[in-house]
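A quick write-up on the structure given underneath.
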C-alpha cells in the first residue's frame, strides 16, 4: 500500500527505523568515544597499543565477522545471553537493541579517531593552568578540554551517525532483517533488490539514504564553519 509521495508503509518504516537506530547509536557511541579518546590522547599505560588496536578492530574486520562475534557474545545460546534472558527477561539478538549495538560497535572506531585527534590538539598547558588555579581534573575536563575539542567531538558524532545509516553486515548477522523491527534502510534496499520489478522502490530508498547522509554532513560542515567564525 502506497502512502505519501509514493513510498509504501514498509519503506517509511525502514526510513524511520534507520534514523531512530542512527540517533540511538550516536547517543551511545559519543560518550564512550569521548572517554576512549581522552584515554588514548592523555594517558600512558602498559598495553596501550593493544587497547588502541582493540578499539579500532571493528574498523578493519569484515562487518559480518563483527556481527557473528556479537552473536557469540550476546546471542540467546551464549552464557551471557542466556543469563540476561533468564534473569532479566532481556533478549538482545534479533531485536531493535541488537541493531543499535551492531551499529554502535561498527561506528565506534570512527568516533574515537575523531575525538582523539581533537583532544590531542588541545594544548595540555591550558589544562595544567586550570588545575594550578584550583580546578579539579574533572572540572578542567568539562570546562577546558571538552569545549576546545567540541568540533572534533561533533565530527565524531556525525561520522557515527552516517556510518550507522549504512551499516549492513553486522546488523543482518546479529539483528536479522525483520521488517518493522530491525530492517533498516540498507537491509530494506537489499531485500528489494532480490525481488524482480522492484527497481523503482530500490532507487527511492537509495536516494533517501543519500539525502539523509548528505544532510548530516552539510549540517556538520555548517557547524564547524560557525565554530571557526565564532572563535574569530
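Derivation of every value follows stated rules applied to the coordinates shown; laboratory data play no part. Every value quoted in this text rests on a predicted model; they were computed, and no experiment measured them. Quick reminder, even Gly has a Cβ in these numbers, built from the backbone with ideal geometry, and neighbours come from all protein chains shown.
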Could you tell me how many degrees, from 0 to 90 and to the nearest 10, lie between the Cα long axis of helix 199-230 and the main elongation axis, the longest principal axis, of the Cα atoms of the chain? 10
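Run the helix sum for the chain: -39,500 (n - 2.57) per DSSP H stretch of 4+ residues, divided by residue count, reported at 222 nm to the nearest 500 deg cm²/dmol.
Working: 11 runs with 174 residues, N = 232.
The per-residue figure over the chain is -25000 deg cm²/dmol.
Counting pairs of alpha carbon atoms under 8 Å apart in space and at least six apart in sequence, what relative contact order in percent does segment 123-232 give?
Numbers: 47 pairs, mean separation 24.2, N = 110.
Rounded, it is 22 percent for segment 123-232.
Defining a contact as two alpha carbons under 8 Å apart and six or more residues distant in sequence, what relative contact order in percent does segment 1-137 show? Kindly include the intermediate steps, with their values, before the conclusion.
Details: 95 pairs, mean separation 47.8, N = 137.
Relative contact order here is 35 percent.
Below 8 Å between Cα atoms, with a sequence gap of 6+, how large is the relative contact order for the chain in percent? Could the numbers behind the result be given before it?
On the way: 288 pairs, mean separation 69.1, N = 232.
Relative contact order here is 30 percent.
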May I ask for the angle, rounded to the nearest 10°, between helix 48-60 and the longest principal axis of the chain, with both axes built from Cα atoms and the value confined to 0 to 90°? 30
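Using the per-residue mean of other Cβ atoms lying within 10 Å as a proxy for protection, in what order, highest first, do the peptides 74-83, 90-99 fall? Display every interim value, and only then the final one.
Working: 74-83: 13.8, 90-99: 19.8.
Output ranking for 74-83, 90-99: 90-99, 74-83.
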In degrees, nearest 10, range 0 to 90: what is the angle between the Cα axis of helix 146-165 and the longest Cα principal axis of the chain? 10
At a 10 angstrom cut-off on C-beta neighbours, averaged per residue, how do the peptides 205-214, 11-20, 44-53, 170-179 rank from highest to lowest? 170-179, 11-20, 205-214, 44-53
Listed values (1) 1.16; (2) 1.01; (3) 1.21, entry calculated as Cα Rg over 2.2 N^0.38 Å: (1)
